[in-house]
Each structure stands twice: as C-alpha cells, then as structure tokens.
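The values are calculated or read from the model by the stated rules, or taken from the named source; none is laboratory data. Since this is a predicted model, take the numbers as computed values, not measurements. Here the Cβ positions follow ideal geometry from the backbone for every residue, glycine too, while neighbour counts run over all protein chains shown. Side chains are part of the model used for accessible areas, which takes the heavy atoms of the whole protein and leaves out ligands, DNA and RNA. Shrake-Rupley method; radii C 1.70, N 1.55, O 1.52, S 1.80 Å.
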Amino acid sequence: MATTFASGGGINIVPITRGTTVRDVVRDALRDLIISGGLLPDVPLRQDELATRLNVSRTPLREALHALASEGLVTIDPRRGAMVSKPTVQQLLDLYEIREQLEVLAGRLAVAAAGTDHVDDITTLNRQMAEVTDPVAWAQLNQQFHVRLYDPCPNKELLNMISSLAERSKFYVRILVSSRPPADSALRGHQEMLDALRARDGDAMEIAVRRHLRSTVKQVSPVLPERSSEFRK
C-alpha cells in the first residue's frame, strides 16, 4: 500500500492490496493523508470516491473512518458526514497530559531493565531522524522512537497504551517538524532521554520525558484554535 500526492494539491491514492485486515490498511492510508495535509480539515470526505481509489467497499472504509474518529483525526457529523478534524489546544493538552504520566512510568521501568545494545540501537534511530525532512516520515520515526525507547519496560499493557497515544500524536508531530528548529529541539530531547537510559538514572529520565513532551505542547499549541468551532466561522 502506498499513497502519492499530485501536483497542484490534488490527491492520488494508489489502490491498496487486500491484507489480513482491510479496515486497518485503509485506516493507515487515510491517517497518512491526514497527517501529510492531503485531506483538509472541516471538508466533508467523499466516501464513494475514497472507496473507489482505495479499491475497497464502503464497509471497511466506514470502519476505518470510525477508527480515526476514536483517535480524534476524523469527526462524524450527522448532517455533513465524516470530516477531517483539526485538533484544538485543549485536545492537545489532554492527550499530552496522559502521555506524560504514562511515559514517566515506562521510562523509570525501562531504565531498570535496559541494556547497552538497546540504547545503542535507539541512538542510531535518533541520528537517522536528523536526516529526515518529510513530515509523515519523521512522525513515523518519532513514534518508533518513543515506542522502542521504552521497550525494556516489562509492563506490556503500559507499552500498548503508549503506542496508541503516540499514534494519535502524529498530527501534532507533523506540525512540529514543519519547522526544523523545533524538530532539532525534539532530537535533543530524545538524546537527553537516551543519556538517562544509558546512565540508568530514573530521576533524570523523568525530567527528560516531562521536558520533552511539554516542549512539544509549547511549540505546537500556538497554531491550534482553542475550540473546534473556530474552524467553522
């Protein structure tokens, strides 16, 4: 499965090949379009057109849209149908408040169990991110970093929750990476967490995690509205 974007703002969606879960493949394709800006906020989605271009029936498409609605990326309006939603400052604050608490706990647990090889592997990933400028690709690698960073944590349910929240955060990460200085700041935050992991310092890890996530909120929130209704004036 792949998505491509035509010049002049048009969208070309390469038909997908059916996999084990069609709904998940469709969901991922639509999520990438939303994160990249290929589908605009507050514009009704033409489901017939999307279903045709993705080579799927309406059923998995509707299921994918509802899955994205649970992530906050799509709004299902009874009158206007499904639309790409643009998250508000409050939604950003709520999401990152939860992430901060969960990732602090996961960081402390990971510090107690991480080995040198694991830290070296994640350090390599962070260096690779420095060379990436595409917002979607960077957001994908950023999610991998946050998930893999805590992989030594023995609480797998906690890791599943963090992975889900990181997926929902891709929209904000795309905004962050649209300007290289904020993205560079994120990489420095990653390095602080890696240093704490290598030193097996739980207190330093907590400080680094909180600083990193709060920095993202600080840099992204100025470009978001306070309420979703501000997009419908």
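Brief remarks follow.
- SER169 open to solvent by 70 Å² or more (accessible area, probe 1.4 Å), under 22 Å from VAL74 (Cα atoms), within 18 Å of the chain's Cα centre (by Cα) and at pLDDT below 85: no
- Condition met for PRO154 (modelled with pLDDT under 80, more than 23 Å from LEU30 (Cβ to Cβ) and assigned by the TED database to the domain that holds LYS218): no
- Which numbered condition LEU187 fails, given (1) within 15 Å of the chain's Cα centre (by Cα); (2) touching a residue at least 60 places away in the same chain (Cβ under 8 Å): (1)
- Only one entry in GLU131, GLU157 is free of Cβ contacts under 8 Å to residues at least 12 places away in the same chain and assigned to a loop (DSSP other than H, G, I, E, B), namely GLU131.
- Residue tally, condition farther than 30 Å from LEU65 by Cβ and either open to solvent by 70 Å² or more (accessible area, probe 1.4 Å) or among the aromatic types (Phe, Trp, Tyr) (or both), over the range 85-120: 5
- Of the residues making up the range 192-227, those that are in contact with a helix residue (DSSP H, G or I) (Cβ under 7 Å, 6 or more places away or on another chain) and of a type in the set (Lys, Arg) are ARG198, ARG200, ARG210, ARG211.
- Filter pass, LEU194 being within 18 Å of the chain's Cα centre (by Cα) and at pLDDT 85 or above: no
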